[in-house]
């Protein structure tokens, strides 16, 4: 099984850079994904790391270190619309397409 | 393209009643998931199917919950009898085989269930 831990809440100001961390304990880890969920909405895919290193997608970047069982999501040039919950999710080599989601981090962007 | 379609979007029911949630995955996707989300427990995987076959139902909380996938374009999650602690948002999600897009799964808008 897998468990993924995240900080429960992060607050930052508009225009700033924020990092949301994710540590995991797992057997058969297959890669780390990040999802965004606005209040009342569905989770939507942001980024995926199959290998160690940094993946960049516009203002968002995601990093994975398998040796440290650790990853993070980096959001740059924060905008008010980035206020949402962010979830890391671990894939499982033994579970087909199974994804286990982390505890979630609520990001509040302030003026 | 239509995304994952769930119904009903909202349901309020009385304790003891049967609840059936429905899901139509994205056409061509061969994996389907049912997740439950609550404030206390976060996003929990209840069950998932590959090619219409249940692969892992270890997340189904108890025998009151059951899920079926009679064909590639339809799945149901049934709760009978329902209890107030079943109140949650139930998400259906689907994806294609891994390797095309990593672990990207596509969620429906959710079914908001309230049991009173």
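None of the figures in this text is laboratory data; all of them are computed from the coordinates on show. Since this is a predicted model, take the numbers as computed values, not measurements. Counting neighbours? That spans all protein chains shown, and the Cβs are built from the backbone with ideal geometry, glycine included.
Tabulated data for the structure shown
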item	result
Fewest-first ranking of A:38, B:29, B:10, using other Cβ atoms within 10 Å as the exposure measure	B:10, A:38, B:29
Proxy reagent accessibility, fewest Cβ within 10 Å first, across A:56, B:11	A:56, B:11
Using a Förster distance of 22 Å, the FRET efficiency for residue B:12-residue B:74 (Cβ separation, nearest 0.05)	0.35
Average other protein chain Cβ within 10 Å of Cβ, residues A:38-44	5
Two-site FRET efficiency, residue A:69 against residue A:8, from Cβ-Cβ distance with R₀ of 22 Å, rounded to 0.05	0.65
Antiparallel content of DSSP bridges confined to chain B, in %, to 5	90
10 Å Cβ neighbours from other chains, averaged over peptide B:36-43	3
Taking chain B and dividing mean pair separation by its residue count, relative contact order in percent (alpha carbons under 8 Å, at least six apart)	37
Calculated FRET value between residue B:55 and residue B:96, using beta carbons and R₀ = 22 Å, to 0.05	0.90
Reciprocal mean inverse distance between Cα atoms of chain A - Kirkwood radius, Å	13.9
Extension gain from residue B:63 to residue B:44, taking 0.36 nm per residue of separation minus the Cα-Cα distance	5.2 nm
Stretch gain in nm, segment residue A:25-residue A:79, where the contour uses 0.36 nm per residue and the Cα spacing is subtracted	16.3 nm
DSSP beta bridge pairing in the protein assembly as shown, given as percent antiparallel to the nearest 5	90
Gaussian network model of chain B, Cα within-10 Å springs - most flexible of B:36, B:64, B:22	B:64
Segment B:24-75, relative contact order in percent, only Cα pairs under 8 angstrom and at least six apart counted	33
Taking the convex hull of Cα positions in the protein assembly as shown, its mean projected area over all directions (nm²)	12.2
Two-decimal log10 I(q)/I(0) for segment A:1-61, as the Debye equation yields it once each C-alpha is a single scatterer, q = 0.18, 0.26 Å⁻¹	-0.85, -1.46
